[in-house]
Amino acid sequence: MLIHQLITQEFPLDENIFYLNHAAVSPWPLRTANAVKEFAEENTRVGARNYLAWQKKEIALRGQLQRLINAPSIDDIALLKNTSEALSVVAEGVNWQPGDNIVSSNEEFPSNRFPWLAQAKKGVEFREVDIATESPEQAVIDACDQNTRLITISSVQFGTGRRVDLEMIGEFCSSNNILFCVDAIQSLGALPFDVQSVNADFVMADAHKWMLGPEGIALFYSKAATRNLLELHQFGWHMVIDIGNYDVKDWQATDTAQRFECGSPNMLGVHAFAASLSLIEEVGMKDISKTIINNVSYLIDNLRKIKGLSFISSVEKSQRSGIVTFNIEGKNMADTHSKLIKNNVICAHRSGGIRFSPHFYTGQNRIDESLNILLSII
Ligand SMILES: Cc1ncc(COP(=O)(O)O)c(C=O)c1O
């Protein structure tokens, strides 16, 4: 099917909606809505009679996620509730020693701050490095010392949209025996990601942003070699080697990433997420990322023409992502945001400015219309 036909079919958004908010919560593709309807329908007719087929769907989803990040094995993929939960699993799992430090950036979303700050109770320092520099990667590396146990960073920052060179940080981590954790929710589904080149130990991302899935189901990747360094804090029937043997009195956690999944899977989410990822795979990450970067570059070029506008995002080409955030001199950005929302330009108020985040299916005419609305209200 031709790409524009596919887009028209899969994104029947209301004509009057200008959706520039994929960095928050994305609309579902039609196939995702259909998968949910079919799953609901099946449940009402035959209950869980086809549970084996559901499990196959769950395995297929792990395979889709494995391919998306080029993980070595399907066993490296766990399905958790959300990004925040996965970050907490890592932060609470490391066997910290007093005096250890964790290095991060000063642009992180709260979910990539609070779990690490909470380790202060164990005498662990959390260092938040200013990355508004020419080389954010070098700034992070320079903040490390012999007591650094872990670096945690977002692949793309939620407010500024700043993209970092993960490979550079990953290489530094692996040659210095430092764990590497990547909050990838603002890039998976928007930009290519190869966990093996990045050399990350842990990667997490919920489905509901660039992967076009539902809220409440997340990828949690853990590298086989370092997975067992994480102490477990949640326990149940689903995480054991002898899964399905409910009579056994003792238990052993499986070595796979499933050791982090204590109980029943989110089967509704599994069906929806698998449908969303099937669209991402059909279009292909190369084309998706190219179109998103083109859309953001188009936005940057046109926003630049607005008098008094300054970018909160780095517009440096190597740091561009699906996010562009800006401020307009003399205008109240909270008010501007409310007016945009009233006019159905769906966007966010972040980092003191307006955040636009178009996806690959966002046509240039929709961007033009959104810019016209912006011009008419400022
Ligand atoms: C960078 C980043 N990390 C984490 C989160 C929170 O994700 P979740 O709701 O899946 O825990 C967000 C949400 O906006 C985010 O932008």
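Please determine, by comparing only the residues of region 184-217 that are β-branched (V, I, T) and under 24 Å from R31 (Cα atoms), which one is farthest from the ligand (Cβ to nearest atom).
The qualifying residue farthest from the ligand (Cβ to nearest atom) is I217.
Looking at region 249-264, I want the residues that are closer than 11 Å to V89 by Cβ and have a partner that is of a type in the set (F, W, Y) and open to solvent by 20 Å² or more (accessible area, probe 1.4 Å) with Cβ atoms under 7 Å, at least 6 apart or on another chain. Which pairs are those?
Filtered contacts from region 249-264: C262/F235.
So, F180, is that one without any contact (Cβ under 8 Å) to a residue 60 or more places away in the chain, buried (at least 18 other Cβ atoms within 10 Å of the Cβ), of a type in the set (F, W, Y) and out of contact with any Leu (no Cβ under 8 Å at 6 or more places or on another chain) or not?
No, not satisfied.
Give the residue, chosen from V140, V124, that is open to solvent by less than 20 Å² (accessible area, probe 1.4 Å) and either within 11 Å of the ligand (Cβ to nearest atom) or within 21 Å of the chain's Cα centre (by Cα) (or both).
The match here is V140.
What's the total number of residues in region 78-95 that are near the ligand (Cβ under 9 Å from one of its atoms), over 19 Å from Q66 (Cβ atoms) and of a type in the set (S, T, Y)?
Total meeting the criteria: 1.
Can you name the residue in region 298-316 that is over 15 Å from T160 (Cβ atoms) and either without any contact (Cβ under 8 Å) to a residue 60 or more places away in the chain or part of a helix (DSSP H, G or I) (or both) and is also most open to solvent (accessible area, probe 1.4 Å) among such residues?
Taking the candidates together, the pick is K307.
Name, by its number, the condition in (1) within 16 Å of the ligand (Cβ to nearest atom); (2) open to solvent by 10 Å² or more (accessible area, probe 1.4 Å) that does not hold for F220.
Condition (2) is where F220 drops out.
Of the residues N295, N365, N372, only one is among the polar types (S, T, N, Q), in contact (Cβ under 8 Å) with a residue 12 or more places away in the chain, out of contact with any Lys or Arg (no Cβ under 8 Å at 6 or more places or on another chain) and closer than 23 Å to N16 by Cα; which?
When all the criteria are applied, what remains is N295.
Could you pull out the residue among G330, G322, G284, G269 that is among the small types (G, A, S) and open to solvent by 40 Å² or more (accessible area, probe 1.4 Å)?
Every option except G330 fails the conditions.
Which members of region 20-52 meet the condition of being away from the ligand (no atom under 16 Å from the Cβ) and of a type in the set (S, T, Y)?
Residues satisfying the conditions are T32, T44, Y51.
Do we have L6 as surrounded by 13 or more Cβ atoms within 10 Å (Cβ to Cβ) and within 16 Å of the ligand (Cβ to nearest atom) here?
It is false that L6 is surrounded by 13 or more Cβ atoms within 10 Å (Cβ to Cβ) and within 16 Å of the ligand (Cβ to nearest atom).
I'm trying to understand the selection: among the residues of region 147-168, which are more than 16 Å from the ligand (Cβ to nearest atom) and either closer than 19 Å to A91 by Cα or at pLDDT below 95 (or both)?
Result: N147, T148, R149, L150.
The values are calculated or read from the model by the stated rules, or taken from the named source; none is laboratory data. Every value quoted in this text rests on a predicted model; they were computed, and no experiment measured them. Methodologically, a virtual Cβ is constructed for each residue, glycine included, from the backbone with ideal geometry; neighbour enumeration extends over all protein chains shown. For accessibility, only protein heavy atoms count, side chains too; no ligands or nucleic acids. Shrake-Rupley method; radii C 1.70, N 1.55, O 1.52, S 1.80 Å.
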